[in-house]
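Asks: For reference, the structure I am asking about is given below.
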Amino acid sequence: TVSMNSNLKCLAKATAIALLWTVTATSADEGMWMPGQTAEVGAAMRADGLQIDPAQLGRLDADPLNAIVSLGGCSASFVSPQGLVATNHHCVHPIPPARRARTISQTGFWRRALGEELPAAPGSRIYVIEDMRDVTAEMLKGVSDKLNEFARYERLATNRKALIAACEGQPNRRCDVGAYYGGASYYLQQKLEIEDVRLVYAPALGIGNFGGQTDNWRPRHTGDFGFYRAYVAPDGSSRPYARDNVPYRPKSWLRIACEGVKEGDLVMVAGFPGATHQFLRRMKSGSTSRNSNRGCSLRSRIMPPRSTRQRQAIARRRSIDRPLHKWLGLKRMGKAEKATDRHQNEYGRAN
């Protein structure tokens, strides 16, 4: 989370996939928006304190959106011209497989020199968003009401694979087609895949996960951050780890606001949300809540053994904790049922 004060001329943080903004005085337009929707809410953002052209938030090829990256399951951002990436502690917690891995996990890791940075865990990637376009027409080609559910699924899968194959014909690109609004719209995302990811800083487990709360579903005080660095070949192309690889130079990076947040400041949060369930029907919401309760039972049975199995157990436990805390929090606040009722009514009116 970053603030935008009246004296600051730069946007602190936006997102390539979804943009969340809020102000102290609740606005009817605040919430999560895709870049292509910024024209619809541009006037509201300006009224809330946005000082740049709202159209800038719809460009994936320009500052600030091209400073936002994905780790394949976590959101992150470039924060230096030498490919330094800031993200959450649990996103860098899969420690590289090294002899001192257990020590690193417990006591933390920090390297000042580039040559001392460790290769991240196998499979680690940094994805730089380059393009996001509406492919609804291409996805629905050949789809009609005459198809049964299986035939419809097969046709959509075929169309999706064709779009991805054409996009990934470019070198070092990873592409995907995502369904939005329950399949009403489909968007193709094109990303540059950086394969050489190295660990720069990870706080000790007692700092990064202080209090045992992995995510911010409730108030907490913890050092939930870590740093990676992206590396590429000397010619700028993406390739796996090599000793002569050099830091990636992003087209833009986020600057840290030196002033603190003031009352009424506009706050924008960046992210690549995997999914949103704001419009779940009551029946589905109840099913999710029951699954979360079962997750609580499963969580209690995960006993962390030593060494590699301990790290695997911690990662698995956190994957259960995050959605569990959210749903249990909604249940305690009595908002889950009210939220589903409200969205059910809105959905009915819209259809």
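Yes/no matrix, rows are residues, columns are (1) among the acidic types (Asp, Glu); (2) modelled with pLDDT of 85 or more:
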residue: Ser105; (1), (2): no, no
residue: Glu116; (1), (2): yes, yes
residue: Ala120; (1), (2): no, yes
residue: Asp134; (1), (2): yes, yes
residue: Tyr153; (1), (2): no, yes
residue: Glu168; (1), (2): yes, yes
residue: Gly183; (1), (2): no, no
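Asks: Still on this model: Filter segment 214-269 for residues that are within 26 Å of His90 (Cβ to Cβ), of a type in the set (Lys, Arg) and at pLDDT 95 or above and give the result.
Replies: Arg229
Asks: For segment 59-88, give me each residue that is touching a Pro at 6+ places or on another chain (Cβ under 6 Å) and either over 23 Å from Trp110 (Cβ atoms) or surrounded by 20 or more Cβ atoms within 10 Å (Cβ to Cβ) (or both).
Replies: The answer is Phe78, Gly83.
Asks: Here is a follow-up. Can you name the number of the only condition in (1) out of contact with any Asp or Glu (no Cβ under 7 Å at 6 or more places or on another chain); (2) within 19 Å of Leu60 (Cβ to Cβ) that Arg173 fails?
Replies: If we test Arg173 against (1) out of contact with any Asp or Glu (no Cβ under 7 Å at 6 or more places or on another chain); (2) within 19 Å of Leu60 (Cβ to Cβ), just (1) comes out false.
Asks: Of all residues in segment 123-154, which are closer than 28 Å to Asp61 by Cβ and hydrophobic (A, V, I, L, M, F, W, C)?
Replies: Matches in segment 123-154: Ile126, Val128, Ile129, Met132, Val135, Ala137, Met139, Leu140.
Asks: Something else about it: Looking for whichever is crowded, with 16+ Cβ neighbours inside 10 Å, under 28 Å from Ser238 (Cα atoms) and modelled with pLDDT of 80 or more here; the options are Val92, Val41. Which one fits?
Replies: That would be Val92, the only listed residue that is crowded, with 16+ Cβ neighbours inside 10 Å, under 28 Å from Ser238 (Cα atoms) and modelled with pLDDT of 80 or more.
Asks: Hey, could you check segment 179-192 for residues that are buried (at least 19 other Cβ atoms within 10 Å of the Cβ) and among the hydrophobic types (A, V, I, L, M, F, W, C) and say which is farthest from Glu117 (Cα to Cα)?
Replies: Selected residue: Leu188.
Asks: Determine which single condition Glu117 fails, assuming it passes every other condition in (1) surrounded by 20 or more Cβ atoms within 10 Å (Cβ to Cβ); (2) closer than 25 Å to Gly58 by Cβ.
Replies: If we test Glu117 against (1) surrounded by 20 or more Cβ atoms within 10 Å (Cβ to Cβ); (2) closer than 25 Å to Gly58 by Cβ, just (2) comes out false.
Asks: Six or more apart or on different chains, Cβ under 9 Å: which pairs go from a residue in segment 39-63 that's closer than 19 Å to Glu263 by Cβ to one that's charged (D, E, K, R)? Could you list them?
Replies: Cβ pairs passing all conditions: Met45/Asp29; Ala47/Asp29; Asp48/Asp29; Asp48/Glu30; Gly49/Asp265; Gln51/Lys9.
Asks: Right, something else. Please note which helices (runs of 4 or more DSSP H) are completely contained in segment 136-228 and include at least 1 residues that are among the small types (Gly, Ala, Ser) and either touching a residue at least 60 places away in the same chain (Cβ under 8 Å) or over 30 Å from Gly36 (Cβ atoms) (or both).
Replies: Numbers: elements: 136-139, 149-167, 205-208.
Hits in segment 136-228: 149-167, 205-208.
Asks: Then there is this: Within segment 193-209, count every residue that is surrounded by fewer than 17 Cβ atoms within 10 Å (Cβ to Cβ), hydrophobic (A, V, I, L, M, F, W, C) and under 19 Å from the mean Cα position of the chain (by Cα).
Replies: Residues in segment 193-209 being surrounded by fewer than 17 Cβ atoms within 10 Å (Cβ to Cβ), hydrophobic (A, V, I, L, M, F, W, C) and under 19 Å from the mean Cα position of the chain (by Cα): 0 in total.
The values are calculated or read from the model by the stated rules, or taken from the named source; none is laboratory data. Note that the structure is a prediction, hence the values are computed from the model and not measured. In this analysis, Cβ positions are derived from the backbone assuming ideal geometry, glycine residues included, and neighbour counts consider all displayed protein chains.
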